[in-house]
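A.B. asks: Here it is, the structure, as C-alpha cells.
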Amino acid sequence: MTVGDALGCAEHMKMSDGSFFPVPILCLLEDVEEIRGKQRVALRDPNVDGNPVLAVIDVNAIEEVSDAEMKRMTEKVYGTTDEEHPGVAAFLSQGRYALSGPIKVLNFSYFQTDFPDTFRTAVEIRNEIVEHGWRTIVSFQTRNPMHRAHEELCKMAMDAVKADGVVVHMLLGKLKPGDIPAPVRDAAIRKMAELYFPPNSVMVTGYGFDMLYAGPREAVLHAYFRQNMGSTHFIIGRDHAGVGDYYGAFDAQTIFDEEVPEGALDIQIFKADHTAYSKKLNKVVMMRDAPDHSKEDFVLLSGTKVREMLGNGIAPPPEFSRPEVAEILMAYYKTLT
Amino acid sequence: MIKPIGSDTLQPLFVYDTGEHQALRREAESLPSVVISSQAAGNAVMMGGGYFSPLKVS
C-alpha cells in the first residue's frame, strides 16, 4: 500500500478509494539504493535459505514514512506504542521506506514446503468446502493442540449456527521454545477430529503470516480472510489475537459492532468465552453460562502444568484432554528425553 | 457460498498460469531485487493465497 492508504487503513480501516481493509499492508525497507528508479523489482524471501524470489512488484512509489506516521499507525493498529509489545517491536524494527505497487506471487514460502499436509490457500479451502457440500461453516483459529475445551467450543459454535462443518485454521510458522512441532500438533488435532467429531465435519488446515498480536484489529483481519476462504462464521473468544494485558477481554468482539464499517463483512462472529469442564454439571461449558461457578468448580490446568504433566508421561484428566490426544503429545515429549 | 470480500470472485495474486509463471521466474532472475521483511513476506503469501483479496498492492 502507499503510505496514504496505509494511514487510512490504520485510522478507519479504509483505503483512499474507500475499499475496506483492517490493517496497513506495507513493504517497509531499510535500504532502497538498489531499486531507486526501477520499474520492476524482485522481492526476495527473508525466511528461506538463499533468499529466493517470492514475488515481483511493479513499482508505483517509494515513499519515506515519517516517525509521526509510524507512531500514528502503531497507535491505531496495536492500541499502544509500547515497544515491549511484540507486534509493535516487529513493526517498528522494519525500515522507513515504503515500496508500493501491485505484486505477483511465485510461491508460498516455507509455509507450504515445511507444512505440505496442512498449508492451504484460500482458493483451496473454498474448493474443499464446495467438495464437502458444506453451506454453513464455522472456522476456528489455533496455534496449539486442541484439548476438550476447544473441541467443545467448536461443537457449541457448530450447534448454535447449525454448521455443516468446521475449518480448524492454524497459524503456521516458526516454533518458539516450548511449542509443539506442527506435525505433532496436526496429528493430535486430526485424531480428535477422527474420534470425536461426526465423519467429514472437520477440515484441518493452516496459513502463513507473521502474527501481529494486535488483538481487536487483528480479529477483524482474521474475520476478513476467513470470509475469503469461504467460512460463514468465525469463533472469537476471550482476548483473541492478544498478548499480555494490552486489550480488554472482549474488545476483539465489540470492535465488530463499534468500528467495522457497516456492510464490510458478511461473515458472522460467534462470540465465545473461555470453555472448561464443569465438575458441577459434568460437561464442558462456556464460563459466561455458569456465573454461579467459582474457579474450583472447573477442571482448569495452566499451559505450563499441562506441558509438565505430558512431559512426565502423565495424561491430564480425561475431562481436560482426550486420552488419544494426550497419547500423541506424550509420545512426542518422550522423544525429547 | 459466502462471497469473497469486495468482489464476486476471489482474486489470488499467485501466478497460476504456467506460461506466465515460468516467464516471471525467468525475468525475476535478472531484475534488481531486495530482501523484504518477514512481515512483508507474510503479507505476500496471504495475497498470493487469496486471503487478502481483492488487495492487489503490497
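A.B. asks: Take the conditions closer than 30 Å to B:S33 by Cα, of a type outside the set (K, R) and buried (at least 22 other Cβ atoms within 10 Å of the Cβ) and apply them to A:F111. Does it pass?
C.D. replies: On the way: closer than 30 Å to B:S33 by Cα: yes; of a type outside the set (K, R): yes; buried (at least 22 other Cβ atoms within 10 Å of the Cβ): yes.
Considered against the rule, which asks whether it is closer than 30 Å to B:S33 by Cα, of a type outside the set (K, R) and buried (at least 22 other Cβ atoms within 10 Å of the Cβ), A:F111 comes out as yes.
A.B. asks: Given the conditions (1) among the hydrophobic types (A, V, I, L, M, F, W, C); (2) modelled with pLDDT of 95 or more; (3) open to solvent by 50 Å² or more (accessible area, probe 1.4 Å), report the number of the one that A:L300 does not fulfil.
C.D. replies: Just one mismatch for A:L300, condition (2).
A.B. asks: On to the next question. When you look at A:V306, is it out of contact with any helix residue (DSSP H, G or I) (no Cβ under 8 Å at 6 or more places or on another chain) and buried (at least 17 other Cβ atoms within 10 Å of the Cβ), yes or no?
C.D. replies: Values: out of contact with any helix residue (DSSP H, G or I) (no Cβ under 8 Å at 6 or more places or on another chain): yes; buried (at least 17 other Cβ atoms within 10 Å of the Cβ): yes.
It is true that A:V306 is out of contact with any helix residue (DSSP H, G or I) (no Cβ under 8 Å at 6 or more places or on another chain) and buried (at least 17 other Cβ atoms within 10 Å of the Cβ).
A.B. asks: Given the conditions (1) of a type outside the set (K, R); (2) out of contact with any helix residue (DSSP H, G or I) (no Cβ under 9 Å at 6 or more places or on another chain); (3) facing chain A (nearest Cβ under 7 Å), and given that B:M46 satisfies all but one, which numbered condition is not satisfied?
C.D. replies: Status for B:M46: all satisfied but (2).
A.B. asks: Sticking with this structure for a sec: When only residues in segment A:1-17 that are at the interface with chain B (Cβ under 10 Å from one of its Cβ atoms) and in a loop (DSSP other than H, G, I, E, B) count, which is least open to solvent (accessible area, probe 1.4 Å)?
C.D. replies: In this case the residue turns out to be A:M1.
A.B. asks: Here's something else I'd like to know. Restricting attention to segment A:213-224, does a residue exist that is within 14 Å of chain B (Cβ to nearest Cβ), open to solvent by 10 Å² or more (accessible area, probe 1.4 Å) and in contact with a Pro (Cβ under 8 Å, 6 or more places away or on another chain)? Reasoning before the result, please.
C.D. replies: Going through segment A:213-224, the residues within 14 Å of chain B (Cβ to nearest Cβ) turn out to be A:213-214, A:218, A:220-224.
Within this subset, residues satisfying the condition of being open to solvent by 10 Å² or more (accessible area, probe 1.4 Å) are A:213.
Adding the requirement that they be in contact with a Pro (Cβ under 8 Å, 6 or more places away or on another chain) leaves A:213.
Scanning segment A:213-224 turns up at least one residue that is within 14 Å of chain B (Cβ to nearest Cβ), open to solvent by 10 Å² or more (accessible area, probe 1.4 Å) and in contact with a Pro (Cβ under 8 Å, 6 or more places away or on another chain).
Residues are listed down the side, and each one gets a yes or a no for (1) of a type in the set (A, V, I, L, M); (2) under 17 Å from the mean Cα position of the chain (by Cα); (3) open to solvent by less than 40 Å² (accessible area, probe 1.4 Å); (4) facing chain B (nearest Cβ under 10 Å):
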| site | (1), (2), (3), (4) |
| --- | --- |
| A:E84 | no, no, no, no |
| A:K104 | no, no, no, yes |
| A:P116 | no, no, no, no |
| A:T121 | no, yes, yes, yes |
| A:E128 | no, no, no, no |
| A:H132 | no, no, no, no |
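The values are calculated or read from the model by the stated rules, or taken from the named source; none is laboratory data. None of the values given here were measured: they were computed from a predicted structure. When we count neighbours, we look across all protein chains shown, and the Cβ atoms used for this are built from the backbone with ideal geometry, even at glycine. All accessible areas refer to the heavy atoms of the entire protein, side chains included, with ligands and DNA or RNA removed. Shrake-Rupley method; radii C 1.70, N 1.55, O 1.52, S 1.80 Å.
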